[in-house]
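Novice: One structure, pasted below without further comment.
Just so it is clear, none of the values below were taken in a lab; they were calculated from the coordinates. Worth saying up front: this structure is predicted, and the values here are computed from it rather than measured. Cβ coordinates were reconstructed from backbone atoms using ideal geometry, including for glycine residues, and neighbour counts include every protein chain displayed.
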Amino acid sequence: MKYLTLITTIEIILSCNYICYALGNHNDGCEHIFKSGEQDMKFEPKDRRVDRSIQEEQAVFEVIDLRSDTVTRPSKEMRGAIASAVVGDDGYGEDPSVNQLESEVANLFGKQAAVFMPSGTMANQAAILAQTSPGDILLAVKDAHIVTRERESTEKLSRVQIVELGHDGLFTESDLELFLQDTDSHNQKPSLIVIENTHNFAGGIVFPFEYIEQISASARKHHIKLHLDGARLFNAAVATGISVAQWARHFDTVMFCLSKGLGAPVGSMVVGDKETIDHIRKFRTLLGGRMRQAGILAAAGLVALRTNVQKLSIDHSNAERLAHGLIALGYQVQPFPKTNIVNFTIQETYSLSFVENLRKHGVLVKLYNTNQIRAVTHLDINEAQINRVLEIIKTAKYL
């Protein structure tokens, strides 16, 4: 009789698991909790157990995540906007929230049209596809994101040749003219220039506006188009007081991320003239980025644009505070941050143990190369947490 009862119990558990799977909960799973002597069963979603474990871990120490500004969590206002978003089929251009976001962004940037994209990488790739032909030369600033993270995608999808110019996140009109003079005899002029602003790997530096004015004038003279990888363009705008529309004026297309410093969970935008944006929409479909009821994501993007832009100045202040503290502790910070990215150097021998030691104390940073540490401030980081990070680093004793 005992064995029969055990077999029956196992059958019930297996049946319940199957039901959870069939109902679409196979990613979440179900936990079956039996109470001794009781007939009823209680089902508890697995993600609630995860939430409790996170809370228990945070009770031990607060996690301060400085790996990137992509780690922000949606605010209460964003979650409310997501829940109440009016949606339709964006594949048919019928999602009111997406249409509203695209309209507001186009007006903000002073461009004819905008398109909502699932990611910044897809946005860059679609913009490049729309403005180049196979065999073309694409010019990019040295160590730009499309070079360090998107080169293979760019060269395979657009079949263009990427040539890097400049150093430390910048190049000048003179660099461009010199390159064009060298290529004149080979009749291989570039068709597109990509500038990254702010520059991720160069410590979030802002590409000087006067450089862009000069490069733009030179590019127009040679009939070369310009694309701005402005994943963190709003950081540049807040740091300089130069509006995004002023930056955008010098480019045929501009990409920016909603999911970095602006704090939205997903999404990027591309702006430009209507014809180019129509082409980019087609390439979005080709790349698998056509979406349906995307208004739930666009609603968060609207909140981000309307409420979080000016908060970027707090991120910049926190980055400066962190940099000053690191310098006081003997670390080399290069360059000194003007936006929200802090790069500092540590002895190569201790780099891995340094990062691991910080992690054990609840601080997450990113190791680049062999001795370069990156820390990025964002919406979820405050001044008290920066002070806490400096105290933890002070005890690390690795210079």
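Novice: What distance in nm separates the simple spin-label points at GLU164 and ARG290, each placed 7 Å from Cα in the Cβ direction?
Specialist: 3.7
Novice: Subtract the Cα-Cα distance of ASP182 and ALA384 from 0.36 nm times their separation in residues, and report this length gain in nm to one decimal.
Specialist: 67.4 nm
Novice: How about the stretch 311-399: which trypsin sites (Lys or Arg not before Pro) there lie in a loop by DSSP and see at most 12 other Cβ atoms within 10 Å?
Specialist: LYS397
Novice: What distance in nm separates the simple spin-label points at LEU352 and VAL86, each placed 7 Å from Cα in the Cβ direction?
Specialist: A separation of 5.6 nm, rounded to one decimal place.
Novice: With a Förster radius of 25 Å, plug the Cβ-Cβ distance of LYS311 and GLN112 into 1/(1 + (r/R0)^6) and report the FRET value to the nearest 0.05.
Specialist: 0.30
Novice: Here is a follow-up. Where both partners of a DSSP beta bridge lie in the stretch 134-293, what percent of those bridges are antiparallel, to the nearest 5?
Specialist: So the antiparallel bridges in the stretch 134-293 amount to around 25 percent.
Novice: Oh, and also: Taking the beta-carbon count within 10 Å as an exposure proxy, list ASP143, ASP90, ASP278 from fewest neighbours to most.
Specialist: With the sparsest Cβ surroundings first, the list reads ASP278, ASP143, ASP90.
Novice: Then there is this: Run the simple label-point estimate for GLN332 and ARG249 please: 7 Å along Cα→C-beta, distance reported in nm.
Specialist: The two pseudo-label positions are separated by 4.0 nm.
Novice: Can you bin every Cα-Cα distance in the stretch 311-396 into 5 Å intervals starting at zero and give me the percent of pairs per bin, rounded to whole numbers?
Specialist: 3, 15, 28, 29, 18, 6, 1, 0
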